[in-house]
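All remarks here apply to the structure that follows.
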């Protein structure tokens, strides 16, 4: 290869190198160079709550964050209609043994829970229905149902529920919960049932 030809090739290569260098700085497709490494002499940023109570300069105090109020959880019963409340048994029934209007431990526990619901929903008016099983006369069962409703009302009043929020009625054996004719059905029918009548 002649010297003239070699010089021409070198000159061509230099021209291409210069053109490539010039276009790479203006071409948007070429990514920018990596940023320089951080100054290793700078202190790490202050983290609130760790170390001292100072800012980045070391002398400025970091303001304390205001306390966060706990989230208020809405009572799902508050938005329900009367029909939905009664269908969902927002207030649980109380059950009795045969021919009795006495509250056992299980009944008192249910009434304690019901009283808490009534205290949370202070505008509710409830009616306690006294019910009986099918045995005995209509007159006897109406009187027994009345006593059952009254003993439940009185117990709620003793737990702090205002008497004017609790009404009573007796249905005797007229509205059985279970239409069966055996002890399993009768156990469900001997009850004091709650109905929310106003909110």
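Just one residue in the set 192, 149, 184 is surrounded by 19 or more Cβ atoms within 10 Å (Cβ to Cβ) and assigned to a helix (DSSP H, G or I); that residue is 149. Scoring residue 79 on the criteria (1) surrounded by fewer than 17 Cβ atoms within 10 Å (Cβ to Cβ); (2) in contact with a helix residue (DSSP H, G or I) (Cβ under 7 Å, 6 or more places away or on another chain); (3) at pLDDT below 95 leaves a single failure, condition (2). Among the residues making up the range 131-174, those that are on the phi > 0 side of the Ramachandran plot and touching a strand residue (DSSP E or B) at 6+ places or on another chain (Cβ under 9 Å) are 136, 172.
Of the residues making up the range 152-176, those that are surrounded by 14 or more Cβ atoms within 10 Å (Cβ to Cβ) and over 23 Å from residue 116 (Cα atoms) are 170, 171, 172, 173, 176. Looking across the range 86-114 at every residue that is within 21 Å of the chain's Cα centre (by Cα) and closer than 17 Å to residue 160 by Cα, the one that is surrounded by the fewest Cβ atoms within 10 Å (Cβ to Cβ) is identified as 113.
The values are calculated or read from the model by the stated rules, or taken from the named source; none is laboratory data. Remember, predicted model here, so these are calculated numbers, not experimental data. Here Cβ is always computed from backbone atoms with ideal geometry, including for glycine, and neighbour counts include all displayed protein chains.
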